[in-house]
Amino acid sequence: MRQIVVPASAADYPANIQAILKRPAPCAAWLGQQLLEIDSETGWAKIAYELGEAQFNRFGALHGGAIACVMDDVLSVAAGLVLQWGEIAPTLEMKVSYLSQGAAGRHMAEARVLKRGRQINFLEATLSTAAGKPIAAATATIMITPMKQKA
């Protein structure tokens, strides 16, 4: 069931969302990440990103690497929704298709788990402007593995 993410209700969400709300990653902050909606039953996430000059290439458009970073970020959130406590989901491979040039402003990314296996999950994601213009699409393969304990 889809639910809107309310940061004040962090304890009501899966462990990966609790962790994001408690201590956002520096990269997510650089991308202006804002969790909007999740569905932990299906592994779906919708996230807004506020992108601007810090993510531009020398020509004044969104840098392809910054777009790939957004895609990896939203895919990892969706992947985390279907994990068990103590599991992590490192990306094994990701393919990004650039559909149009991006500019500064609010962008929406959605990702979902297509298939969950015992050790491997397959996901897809899209990135659009706030007005709905497609910017990029991505697919990824992630590995489910136990989190290593620090010695």
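What the table below lists for this structure:
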| quantity | calculated |
| --- | --- |
| For the range 89-143, size of Cβ-based charge dipole, Lys and Arg +1, Asp and Glu -1, in debye | 140 debye |
| S9-L114 pseudo-label distance in nm [points 7 Å out on the Cα-to-Cβ vector] | 3.2 nm |
| Nearest-20 debye value, the chain charge dipole, Cβ charges on Lys, Arg, Asp, Glu | 220 debye |
| Over the range 3-146, volume per residue of the alpha carbon convex hull, in Å³ | 104 Å³ |
| Within the chain, helix-based [θ] at 222 nm, where runs of 4 or more DSSP H residues each add -39,500 (n - 2.57), nearest 500 | -6000 deg cm²/dmol |
| Point-to-point label distance, I88-D39, nm (Cα→Cβ direction, 7 Å offset) | 2.9 nm |
| Charge sum, other residues only, whose C-beta stays under 15 Å from Q18's C-beta, Lys/Arg counted +1 and Asp/Glu -1 | 0 |
| Sorted peptide list for 64-73, 32-41, criterion being average Cβ within 10 angstrom, highest first | 64-73, 32-41 |
| Helix axis angle, 64-81 relative to the chain longest principal axis, alpha carbon, degrees | 20 degrees |
| Gap separating the Cα centres of the range 15-51 and the range 99-151, nearest whole Å | 11 Å |
| Gyration tensor verdict on the range 103-151 (Cα atoms; rounded if a/c is under 1.5, prolate if a/b is larger than b/c, oblate otherwise) | oblate |
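Every read-out reported here was derived from the displayed coordinates using simple, explicitly stated rules and does not represent laboratory data. Because the structure is predicted, anything quoted here is derived from the model rather than measured. For neighbour counting, all protein chains shown are included, and Cβ atoms are generated from backbone atoms with ideal geometry for every residue, glycine included.
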